[in-house]
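Written out below as structure tokens is the structure these notes cover.
Each reported figure results from applying straightforward, stated rules to the coordinates on display, with no laboratory input. None of these values were measured; they are calculated from a predicted model. All Cβ positions, even for glycine, are placed from backbone atoms using ideal geometry, and neighbour counts span all protein chains on display.
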Amino acid sequence: MLVLGIESTCDETGCAVVCDGKVILSNVVASQEDLHAAFGGVVPEMACRRHIDVIKPVGQKALTKARITLEDIDLIAVAQGPGLIGALLIGTHFAKGLALATHKPLVGVNHIEAHLYASTMDAEPLFPALGVVISGGHTALMYMRSISSYECIGQTQDDAIGEAFDKVAKLLHLPYPGGPPIERLAKKGNPFRFPFKAGQMKGKPFDFSFSGLKTAVLYAVRGQNGNKRELSDLSEEEKRDIAASFQRAACEDLVNKSILALKEFGCRSLLLGGGVSQNRYLRSLFENKVPYPIFWPAKGLSLDNAAMIAGLGFHIFTQDGPHSYTFDPFPRIPFNLTKGAPDDSLNSHLSTPRFPVSSASNQLSKK
Ligand code: KG4
Ligand code: ZN
């Protein structure tokens with residue numbers, strides 16, 4: 001089955017052709033990094049305009065690269081959310097238009113689930129698994145019985161981890177997105193010079209907080225009252241050490257909480273998804289500290305892309321059948337929810353995929 005995937009949740013426009021959920025025939029991504037770099041973050045209105053300009057040529061390129069035409073496509077899968085509402089409207093309308101005009105079936109795909117699915121596209125994961133979502137918009141730990149049945153056991157209370165990298169990069173006058181330049185700067189830095197620590201939430205051992213860490217970096221850069229020094233007062237060595245110490249603190253927190261959750265919930269493996277999973281320091285920390293099989297997204301599948309949408313769309317269609325052409329995009333997922341528990345009832349604002357209502361870690365059978 002040939003699936004055309006469409007992704008437009010934030011600042012990447014993606015179209016991809018994937019066969020039977022696994023074999024990627026094309027995966028075209030038009031990044032908007034250049035557009036938003038000057039602002040140090042995504043400007044939603046500009047993102048939407050760029051999606052409109054490029055979505056059709058990106059779709060055409062995906063078909064050409066896969067050496068097929070639109071007629072050969074069996075299913076259209078589109079990221080239904082979460083994301084920027086304007087950006088989502090463009091992707092979903094494009095998908096609906098194509099599906100209506102060609103009488104093809106359509107499914108909406110949860111972008112976060114797709115990030116986790118990405119790590120399983122070239123492997124068979126072991127369930128139950130711990131899903132670790134680490135992107136620019138989300139940080140969450142999921143107890144996963146399968147890709148379509150999971151419960152959120154922890155999430156960030158403030159910034160997402162990728163967002164923290166982006167904000168710290170801005171403090172250090174590094175370009176957007178901040179993850180890659182922080183990682184580069186940190187390579188030659190001393191990760192233990194600054195005793196930075198990520199936040200711990202009382203009574204919520206699997207939740208995250210990165211805003212205090214970001215403030216600690218601000219103080220290290222600007223002095224204790226936040227404006228005593230300019231960035232130019234810092235030596236290159238200090239900047240490298242700040243980047244390395246921040247990266248260590250953020251990544252250690254993620255690894256420590258993941259290990260705790262793996263043990264607590266008796267998981268058999270770890271699935272990682274989202275842009276921050278590209279970070280080599282994070283990867284080696286996980287590989288060295290976690291004595292469980294770890295599944296990473298393959299090259300081209302960490303950052304936002306449409307291959308993961310097409311891949312998961314195939315499974316949604318084979319399980320649930322097509323979705324109605326009238327579904328709405330959803331900008332936010334209530335992340336403390338469960339999906340696929342036997343007693344769930346459905347959120348009224350969604351068609352499929354389902355985002356059930358009962359929660360969370362206290363319902364899980366602990367090891
Ligand atoms: O998954 P993604 O494309 O976007 C969302 O769905 O939100 O991830 C983008 C995020 C950005 O915050 C970016 O700074 C971060 O991933 N990122 C990294 C690295 N590469 C990208 N963070 C740390 N280290 C990296 N090498
Ligand atoms: Zn994403």
Going by how many other Cβ atoms sit within 10 Å of their own, how do SER235, SER8 line up, fewest first? SER235, SER8
Helix 85-102 versus the longest principal axis of the chain: what angle, 0 to 90°, nearest 10, using Cα atoms? 20 degrees
Inter-part gap, Cα centre of segment 239-260 to Cα centre of segment 101-158, in whole angstrom, is 23 Å
Summing Lys, Arg as +1 and Asp, Glu as -1, what charge do residues with Cβ under 15 Å from the Cβ of THR64 carry, THR64 excluded? +2
Taking the Cα centre of each part, how many Å lie between segment 192-236 and segment 16-45? 31 Å
Under the Karplus relation with 6.51, -1.76 and 1.60 and θ = phi - 60°, whole-Hz ³J(HN,Hα) for segment 177-189, x at Gly and Pro, equal x, x, x, x, x, 5, 4, 5, 5, 5, 3, 9, x
Long pairs among LYS61/LYS187; LYS65/LYS104; LYS187/LYS214; LYS202/LYS228; LYS22/LYS170; LYS202/LYS263, criterion Cα-Cα beyond 31 Å: LYS61/LYS187; LYS202/LYS228; LYS22/LYS170
Computed helical MRE - 222 nm, the chain, DSSP H runs ≥ 4 contributing -39500 (n - 2.57), nearest 500: -12000 deg cm²/dmol
Environment charge at GLU12 (Cβ cut-off 13 Å; Lys +1, Arg +1, Asp -1, Glu -1): -4
I need to check one value: relative contact order of segment 56-117, counting alpha carbon pairs closer than 8 Å and at least 6 residues apart, in percent. 38 percent
Using Cβ counts within 10 Å as a stand-in for footprinting exposure, how do ILE68, ILE73 rank, fewest first? ILE68, ILE73
Considering the zone a paramagnetic label at LYS188 would reach in this model (a point 7 Å from Cα along the Cα-to-Cβ line), which residues of segment 227-264 have amide N under 16 Å from it? 235-245
Of all DSSP beta bridges having both residues in the chain, the percent classed as antiparallel (nearest 5) is 65 percent
Mind jotting down the distance between the C-alpha centroids of segment 61-88 and segment 266-324, whole Å? 19 Å
Spin-label model distance (nm) - ASP34 vs LYS65, 7 Å beyond Cα toward Cβ: 1.7 nm
Within the set GLN157, GLN224, GLN247, GNM on the chain using Cα springs under 10 Å gives the largest fluctuation to GLN224
Intensity falloff of segment 289-335 expressed as log10 I(q)/I(0), Debye formula with alpha-carbon point scatterers, at q = 0.18, 0.23, 0.24, 0.28 Å⁻¹: -0.88, -1.07, -1.08, -1.09
Sorting GLU163, GLU236 on the 10 Å Cβ count, fewest up front, what's the list? GLU236, GLU163
Within a Cβ distance under 15 Å of SER209, other residues only, what is the Lys/Arg minus Asp/Glu net charge? 0
How fast does segment 126-166 diffuse by Stokes-Einstein, in µm²/s, taking the Kirkwood radius from C-alpha pairs at 20 °C and 1.002 mPa s? 202 µm²/s
